[in-house]
Amino acid sequence: MATIQKRVTPSGEVRWRAIVRRGAGGKSHYESKTFRTRREAAAWAAEREAELGRAGLPADALEMPLRELWRQYLARKVPSHRGSRSDEARLLRWIESHPLRDRPLQELRPADFARWRDERLAAAAAPETVIRELGLLSAVCNWARREVAGLEMWANPVSLVERPKRPVGRNRRVAWHEMLALGRACRDKRRFSLPHQRLPWLWPLIKLAWATAMRRGEILSLRWDDIDFHRRVAHLRETKNGQPRTVPLSRHALRALAELRELFPDDERVLPVSANAVNLAWQRIRRRAGVPDIRFHDLRHEATSRLAEAGWSDLEISAVTGHRDPRMLRRYAHLRPQDIAARLDEVHKQRTRAKRTRGGGL
């Protein structure tokens, strides 16, 4: 592990000394260098440690091209991922077309991935997408150090690459009149071609997501055995964070489930359709309802925000939505400013009534 030391010159200037040590005894290695900033010192130390680490690795391991490492990760690790489909598609695309795919591991540098990051952003890739891609690249490198023979001392070149700044969280709310527009569009078969008329499950699905704050994938994974109509709860076995949870069902949710049960009485799944079918149907219906900017996930945002507006505590809301991080929960619960203003008026009215009761003035 490198050591960074702060030093002050006789003239009062601050300098940073980076020290790199490797090995012990007669095979030990020591070198140091002084820089004007701590960042420069840390970057040099990390690069030197990586080079020294590569020097002690078997040549055949370091000569492996990056695409071969991706192939191994794809075969040995990705099948156990919850998001295996997206990771698989991304890795296959990289194996075919990534500019670094033929580069041997020993020649990979943080600057290579930083340049690729900048090219992705310049090509209009969303910052969140680039962050996820860098996360996958880093995960592959860390896995290789643990699982691939000969790469135990290899330094992860992606770990030093700065991630793009995350954009401001989306705060799109779904207004009541927009829900009505979606409902009218779903029920108006005159406006749709024959294929769409075979999708009577779309409106119950929208209502269920709006009433429960469940994700699309969670709804698609639901089975009728997971639903207790007597207790009015749905048990989710598969969730994004891997933790099962029980979701309470309002009367709106129960009505939506009853409609789906009439449509699929003999199926084990509540909604026996694919995620792609839901996505295509949603794209069509939102355009025809005149709300093309609404995403399906905004229904979850809306449900979460309504719980916050109703005065639910963070603990109560997270029990419904499954959020484990309070910061992420606050990103989801976007309160309308006009609703907050109305509540402030109500507080003022209550204080005024209390003072009048005591005989006081405003």
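The values are calculated or read from the model by the stated rules, or taken from the named source; none is laboratory data. Not measured: the values here are computed from a predicted model. Counting neighbours? That spans all protein chains shown, and the Cβs are built from the backbone with ideal geometry, glycine included. Side chains included, ligands, DNA and RNA excluded: accessible areas come from the protein's heavy atoms. Shrake-Rupley method; radii C 1.70, N 1.55, O 1.52, S 1.80 Å.
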Let me confirm something: among A55, A45, A61, which residue is within 20 Å of E147 (Cα to Cα), crowded, with 16+ Cβ neighbours inside 10 Å and modelled with pLDDT under 85? A61
Selection over the range 160-185 where residues are out of contact with any His (no Cβ under 8 Å at 6 or more places or on another chain) and closer than 20 Å to A126 by Cα yields a count of 9
When the residues of the range 92-115 are filtered to those that are in a helix (DSSP H, G or I), touching a helix residue (DSSP H, G or I) at 6+ places or on another chain (Cβ under 9 Å) and open to solvent by less than 40 Å² (accessible area, probe 1.4 Å), which remaining residue is farthest from L74 (Cα to Cα)? P110
Regarding L151, is this residue crowded, with 16+ Cβ neighbours inside 10 Å and farther than 30 Å from R39 by Cβ? no
Out of the range 216-244, which residues are touching a strand residue (DSSP E or B) at 6+ places or on another chain (Cβ under 6 Å) and of a type in the set (D, E, K, R)? E218, R223, D226
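Residues are listed down the side, and each one gets a yes or a no for (1) free of Cβ contacts under 8 Å to residues at least 24 places away in the same chain; (2) under 30 Å from E107 (Cβ atoms); (3) within 24 Å of the chain's Cα centre (by Cα):
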{"position": "R145", "(1), (2), (3)": "yes, yes, no"}
{"position": "G150", "(1), (2), (3)": "no, yes, no"}
{"position": "P167", "(1), (2), (3)": "no, no, yes"}
{"position": "R170", "(1), (2), (3)": "no, no, yes"}
{"position": "W176", "(1), (2), (3)": "yes, no, no"}
{"position": "C186", "(1), (2), (3)": "no, no, no"}
Kindly indicate whether N171 is modelled with pLDDT under 90 and either open to solvent by 60 Å² or more (accessible area, probe 1.4 Å) or not in a loop (DSSP other than H, G, I, E, B) (or both). yes
Being under 21 Å from F296 (Cβ atoms), out of contact with any Cys (no Cβ under 8 Å at 6 or more places or on another chain) and modelled with pLDDT of 90 or more: is that true of W224 here? no
Of the residues in the range 72-86, those that are touching a residue at least 40 places away in the same chain (Cβ under 8 Å), open to solvent by 30 Å² or more (accessible area, probe 1.4 Å) and closer than 24 Å to A149 by Cβ come to Q72, R76, K77
Those residues of the range 283-304 which are out of contact with any helix residue (DSSP H, G or I) (no Cβ under 8 Å at 6 or more places or on another chain) and crowded, with 19+ Cβ neighbours inside 10 Å amount to D298
Within the range 127-147, track down each residue that is closer than 22 Å to A75 by Cβ and open to solvent by 10 Å² or more (accessible area, probe 1.4 Å). R132, G135, L136, S138, A139, N142, W143, R145, R146, E147
Is there any pair with a first residue in the range 202-213 that is basic (K, R) and a second that is open to solvent by 10 Å² or more (accessible area, probe 1.4 Å) whose Cβ atoms are under 8 Å apart and which are 6 or more apart or on different chains, and what are they? K207/H252; K207/R255
Residue that is surrounded by the fewest Cβ atoms within 10 Å (Cβ to Cβ) [pool: residues in the range 228-245 that are in contact (Cβ under 8 Å) with a residue 24 or more places away in the chain and within 22 Å of A258 (Cβ to Cβ)]: F229
Any residue that is modelled with pLDDT of 90 or more and under 24 Å from the mean Cα position of the chain (by Cα) - is there at least one of those in the range 189-206? yes
Restricting the first residue to the range 106-121 and requiring it to be of a type in the set (S, T, N, Q), which pairs with a second residue that is open to solvent by less than 70 Å² (accessible area, probe 1.4 Å) meet a Cβ separation below 7 Å and a spacing of at least six or different chains? Q106/R54; Q106/L62
